[in-house]
Amino acid sequence: MTLQTPDLAHVNDPTVSTAAAASLDPTATENVMHAIVTLIDEYGPMAPWELEQRYHAQRTRRDWPRVAAYSVHRRASQVKKQVQVLAGNGDRVRPPGGKPAERLALTVEATAAHAAIRRYMRGEQ
């Protein structure tokens, strides 16, 4: 998917999604991306719904930004598709009452993933 400026909405996203993306705090967005890498580095591969659960369970203790529940899922997708430091590992898991989702794993060491996120958010990628 091709991203629009400010690189947080996809071209095919509805107008309301594009408007919401334009209002996002880039620092919070970057912090969520770093949190995703940290969680996968610490706990191993996780599906987006598992990332959401862990993120929200640990957000206060780790001083991560408050975000909408689905925001973690969207940032995980962005880190996978745009930053390209996550990939599916073939393990599909079913959330309670939902569709199966593939677990995401780091494709590089965590320090390299964090550096790639910083470059991406600064438009250097």
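The values are calculated or read from the model by the stated rules, or taken from the named source; none is laboratory data. A quick note: this is a predicted structure, and the numbers were derived from the prediction, not measured. Side chains are part of the model used for accessible areas, which takes the heavy atoms of the whole protein and leaves out ligands, DNA and RNA. Shrake-Rupley method; radii C 1.70, N 1.55, O 1.52, S 1.80 Å.
Brief remarks on what is shown
- The heavy atoms of I40 offer some 10 square angstrom of accessible surface to a 1.4 angstrom probe.
- Amide H partners (placed H, <5 Å) of M46, local residues excluded: L104
- M121 contributes an accessible area of around 50 Å² to the protein surface, as traced by a 1.4 Å probe with all chains present.
- Here the extension length gained between R94 and S77 equals 4.4 nm, from 0.36 nm per residue of separation less the Cα-Cα distance.
- Full-stretch length increase - R122, Q84 - with 0.36 nm per residue and alpha-carbon distance subtracted: 12.1 nm
- Where T107, T38, T60 fall by accessible area, highest first, once all protein chains stay in place (1.4 Å): T60, T107, T38
- Among the protein heavy atoms, those of E109 account for about 140 Å² of accessible surface (1.4 Å probe, every chain in place).
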